[in-house]
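Read through the structure below, which is laid out as structure tokens, and then see the notes.
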Amino acid sequence: MRFVSYYDAAGRIVPGILPGDPTAPDAWVADVRHPACSAHYADLPDTLMGWVEYGLANIAQRVAAAPLIDESARLPLHSLRLAAPLPRPGKIVGAAFNYHDALAERDMASPAEPVIFVKSGRTVIGPNDVIRVFPHAGNVTYEAELAAVIGKPALRVSREHAMKHVAAYTIINDVSATTLVKADSGFVRGKNQPTSGPLGPWLVTPDEIPDPYALDIHLDIDGRVLQQSSTRSMLFNIAELIEYASARMPLDPGDIIATGTPAGVAGAHQPPAWLKAGDTVSISLSKLGTLSNPVAAGASDDS
């Protein structure tokens, strides 16, 4: 099942259920706050983060067991402004150097263990929100990635049990200021610029993704294809990343594991494809939809 966050008529970000095929012209979102749904869903939290903590699988079971959602509670998907499904995740744990094809492109040896960094949840923006590139940040790249959403607390979890902690998958664009990463020989500044975490367009539960290592990854800027790969090129899998990260920090419901990006980041192209004002970046992962964001310049005093 798919779940979204969207802006209601009052401008509030609220959660909704997206049944069926989201690419269908008549795709719709269930407004669970509608009186027609109140008998079945009135006890649910009022944010998708709260739903993750409640259990997306539990909600999916309730949807399957409930009567059909009345048409009066169905909102056409095309009419909604979607927000990031988790507008303020607790944290994003990213994996660097985690794709075989990207390592080959750089002529780098594979790391012996995962290389991780932490990205603030405050970097997150939603579908069609603006990525801002700031003068002080230098060269900025896109990074198309599969994101796994943690559904229950994980601390020192073994890889054998790690996937039980995954509530959903989505797409993340790990926008990175390459100039700052190189200047610092580290990830903190370069990964934590404002608007550097586009996320969405929705959450998809694991039953819809039987093999997360068989997903095609496609990124283009205004039709120019810059990344074309598959999650099968991932070096350390999701369970291994959760095991490694949870041995070093607690993972909480709503935290995100960003699993790394394949070959084709901006600096690998000739000429380099650094993000610039006027671009539109679109990322598609099979079964997960498409995440698109325009790019604009950010003022120095905004950073």
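For the chain, the longest principal axis of the alpha carbon atoms and the long axis of helix 56-65 meet at an angle near 30°. Within a straight-line Cα-Cα reach of under 17 Å, K287 can be paired with the following aspartates and glutamates, leaving aside sequence neighbours fewer than 8 residues apart in one chain: D21, E145, D207, E208, D211, D216. Note on N128 and S286: their simple-model spin labels are 2.8 nm apart, each label 7 Å out from Cα toward Cβ. Couplings for the range 43-55, taken from phi via the Karplus curve 6.51 cos²θ - 1.76 cosθ + 1.60 with θ = phi - 60°, read 7, 6, x, 9, 9, 5, 4, x, 5, 4, 5, 5, x Hz in order; Gly and Pro are left as x.
Computed extension gain for D107 through A57, at 0.36 nm per residue and net of the alpha carbon distance, reaches 13.8 nm. Regarding the chain, what is the average projected area of its C-alpha convex hull, in nm²? Computing the convex hull of the Cα atoms and averaging its projections yields 15.7 nm². Computed over the Cα atoms of the range 27-164, pair by distinct pair, the Kirkwood hydrodynamic radius stands at 18.9 angstrom.
At the residue level, R159 shows approximately 110 square angstrom of accessible surface with a 1.4 angstrom probe and all protein chains present. Calculate what fraction, in whole %, of the accessible area of the chain sits on carbon and sulfur atoms when a 1.4 Å probe is rolled over the protein chains. Carbon and sulfur: 53 percent of the exposed surface of the chain. For a straight C-alpha distance cut-off of 30 angstrom, the lysines reachable from K182 (same-chain residues fewer than eight places away being disregarded) are K91, K119, K191, K276. Sparsely packed loop sites in the range 53-111 (the trypsin sites (Lys or Arg not before Pro) outside DSSP H, G, I, E and B with at most 14 other Cβ atoms within 10 Å) comprise R81.
Rolling a 1.4 Å probe across the protein heavy atoms gives the range 78-233 an accessible surface of 42 Å² per residue.
The values are calculated or read from the model by the stated rules, or taken from the named source; none is laboratory data. Note that the structure is predicted; figures quoted are calculated from it, not measured. Virtual Cβ from ideal backbone geometry, glycine too; neighbours counted across all protein chains shown. Only protein heavy atoms, including side chains, enter the accessible area calculation; ligands, DNA and RNA are left aside. Shrake-Rupley method; radii C 1.70, N 1.55, O 1.52, S 1.80 Å.
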